[in-house]
Amino acid sequence: MNLAVEEAIPRMVGEGKSPSTVRFWHNSNTIVIGCFQSAKLEVNMDACTETGTEIVRRFTGGGAVYHDSGNLNYAISLPKGHRLVPVGNLQSVFRRLSEGAVEGLRKLGVKAKFEPINDIQVDGKKVSGAAGSIRWNAVFHHGCILVGSDLSILGKVLNVPRAKLEDRHIASVQKRVTTVRDELGHDVSTREVRDAIVGGIESCYGVRVESGVLMNEEVVLAEELYQTKYSRLEWNLEP
Amino acid sequence: MIATKSERLRSADYKAPGGKLVRVRLKEEQGLIRSIKITGDFFLVPEESLGKLEKMLEDAPLREAELRLLVDRFFRGTGAQGLGVSSDDFVKAILSAKETI
């Protein structure tokens with residue numbers, strides 16, 4: 001249902017029915033694959049069964065990410081042409097709309113920086129990956145931040161193709177990622193990270209973020225999208 | 001993907017320099033692409049346009065000049081925007097597809 005809500009909000013923002021929105025959420029053990037990825041190629045199905053990991057496809061491109069309760073997702077939906085991203089170019093969307101999260105992580109003491117194409121890294125290790133789209137008359141950007149995720153499961157459930165590892169001169173997916181907790185050297189809750197990112201967004205973009213709940217129309221649309229798309233194997237697992 | 005007797009399956013995992021991974025699985029018959037599936041961790045907007053590219057490549061010869069023309073026409077015609085993948089990357093990924101058993 002989380003991925004259905006993820007699509008419902010920018011659709012409503014693009015229609016002018018919802019305000020510009022920042023949403024925070026997390027899933028229990030789930031692999032979220034990019035819309036162009038092949039589940040069969042990217043995911044170790046046996047390891048998913050063994051670890052009780054679900055597989056869901058999102059509507060944006062990019063690579064597979066592992067979600068668990070130690071992971072914080074943020075999603076920004078703006079109407080197209082918004083002052084923060086006036087140019088309809090995906091790279092500028094990623095760069096500009098990652099700045100709030102980078103600033104938030106820095107406020108916590110993590111030496112985060114945006115690394116094109118779509119990463120936030122700390123000393124060359126990825127702590128957050130972003131994806132996004134420009135559609136439905138909206139600009140959409142979402143990212144997942146590894147706060148205290150179980151990286152040992154991540155290494156098991158994702159198949160990282162040899163071509164990708166060789167290109168980055170690294171031995172495994174586990175070695176190229178880090179968590180906020182590991183970088184700080186102490187426990188940190190997803191709530192603390194969320195609050196820091198809200199602060200980062202406010203100071204970076206000169207906006208005020210007000211907390212709220214989903215609007216009724218957003219819930220209705222999300223339920224429809226869940227029934228017709230995100231709960232279906234043909235969307236999640238094919239091709 | 002299942003091939004008939006006269007068809008050959010070809011596949012490639014092509015890493016775009018400084019970009020993303022493009023994975024190609026195709027059926028080739030007498031030098032022509034009979035069907036093709038392109039997957040990967042790249043970005044392309046509008047997202048639905050990838051299906052159009054795959055359709056345009058059906059029955060295309062597996063030759064660089066023709067492929068380049070088709071992929072360029074796809075980007076011009078649809079106004080699609082790639083990130084982490086270019087027209088050249090799609091062509092190179094398709095041409096690098098090797099026969100699989």
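The values are calculated or read from the model by the stated rules, or taken from the named source; none is laboratory data. A quick note: this is a predicted structure, and the numbers were derived from the prediction, not measured. Note: ideal-geometry Cβ built from the backbone for every residue, glycine included; neighbour counts use all protein chains shown. Areas reflect the complete protein model, heavy atoms only, side chains present, ligands, DNA and RNA absent. Shrake-Rupley method; radii C 1.70, N 1.55, O 1.52, S 1.80 Å.
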Scope the range B:59-86; condition of a type in the set (Asp, Glu) and either buried (at least 17 other Cβ atoms within 10 Å of the Cβ) or in contact with a helix residue (DSSP H, G or I) (Cβ under 7 Å, 6 or more places away or on another chain) (or both); matching residues: B:Glu64, B:Asp72
Just to be sure, is B:Gly79 within 13 Å of chain A (Cβ to nearest Cβ) and modelled with pLDDT under 95? yes
Taking the range A:54-92 and keeping residues under 21 Å from B:Leu50 (Cα atoms) and not charged (D, E, K, R) leaves A:Val56, A:Phe59, A:Thr60, A:Gly61, A:Gly62, A:Gly63, A:Ala64, A:Gly88, A:Asn89, A:Leu90, A:Gln91
Go through the range A:199-226 and give me each residue that's surrounded by fewer than 17 Cβ atoms within 10 Å (Cβ to Cβ) and among the hydrophobic types (A, V, I, L, M, F, W, C). A:Val207, A:Val209, A:Val213, A:Met215, A:Val219, A:Val220
Would you point out the residue of the range A:55-74, among those that are in contact with a helix residue (DSSP H, G or I) (Cβ under 7 Å, 6 or more places away or on another chain) and crowded, with 24+ Cβ neighbours inside 10 Å, that is farthest from A:Gly14 (Cα to Cα)? A:Tyr66
Give the residue that is surrounded by the fewest Cβ atoms within 10 Å (Cβ to Cβ), with candidates limited to residues of the range A:141-158 that are more than 18 Å from A:Phe94 (Cα to Cα), in contact with a helix residue (DSSP H, G or I) (Cβ under 6 Å, 6 or more places away or on another chain) and not hydrophobic (A, V, I, L, M, F, W, C). A:Gly155
Residue hits (the range B:82-101; away from chain A (no Cβ under 14 Å) and not β-branched (Val, Ile, Thr)) are B:Ser87, B:Asp88, B:Leu95, B:Glu99
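Every residue, every condition in (1) within 22 Å of A:Glu202 (Cβ to Cβ); (2) in contact with a Gly (Cβ under 8 Å, 6 or more places away or on another chain); (3) of a type in the set (D, E, K, R), yes or no:
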position	(1), (2), (3)
A:His82	yes, no, no
A:Val85	yes, no, no
A:Gly100	yes, yes, no
A:Ser133	no, yes, no
A:Ser152	no, no, no
Name the single residue, out of those in the range A:198-239 being within 15 Å of A:Arg23 (Cβ to Cβ) and among the small types (Gly, Ala, Ser), that is farthest from the other protein chains (Cβ to nearest Cβ). A:Ser211
Within the range A:65-119, residues being of a type outside the set (A, V, I, L, M, F, W, C), part of a helix (DSSP H, G or I) and free of Cβ contacts under 8 Å to residues at least 60 places away in the same chain number 5
Pick from A:Gly124, A:Gly100, A:Gly104, A:Gly88: which is more than 14 Å from chain B (Cβ to nearest Cβ) and open to solvent by 10 Å² or more (accessible area, probe 1.4 Å)? A:Gly124
Within the range A:23-47, residues assigned to a strand (DSSP E or B) and surrounded by fewer than 22 Cβ atoms within 10 Å (Cβ to Cβ) come out as A:Arg23, A:Phe24, A:Trp25, A:Thr30, A:Val43
Right, B:Thr100: open to solvent by 40 Å² or more (accessible area, probe 1.4 Å), hydroxyl-bearing (Ser, Thr, Tyr) and farther than 16 Å from B:Met1 by Cα or not? no
With the requirement that a residue be within 17 Å of A:Gly185 (Cα to Cα) and either acidic (Asp, Glu) or touching a Lys or Arg at 6+ places or on another chain (Cβ under 8 Å) (or both), what does the range A:90-117 give you? A:Ala112
Checking the condition away from every other protein chain (no Cβ under 11 Å) and of a type in the set (S, T, N, Q), which residue from A:Asn118, A:Asn137 passes? A:Asn137
I need every pair where a residue in the range A:152-164 that is under 12 Å from A:Val65 (Cα atoms) has its Cβ under 7 Å from the Cβ of a residue that is at pLDDT below 85, sequence separation at least 6 or different chains. A:Leu154/A:Val173; A:Leu154/A:Gln174; A:Gly155/A:Ser172; A:Gly155/A:Val173; A:Gly155/A:Gln174; A:Leu158/A:Val173; A:Val160/A:Val173
Contact list, first residue from the range B:62-77 and among the aliphatic types (A, V, I, L, M), second anywhere and surrounded by fewer than 16 Cβ atoms within 10 Å (Cβ to Cβ) and assigned to a loop (DSSP other than H, G, I, E, B), beta-carbon distance below 6 Å, six or more apart or interchain, is B:Leu62/B:Gly31
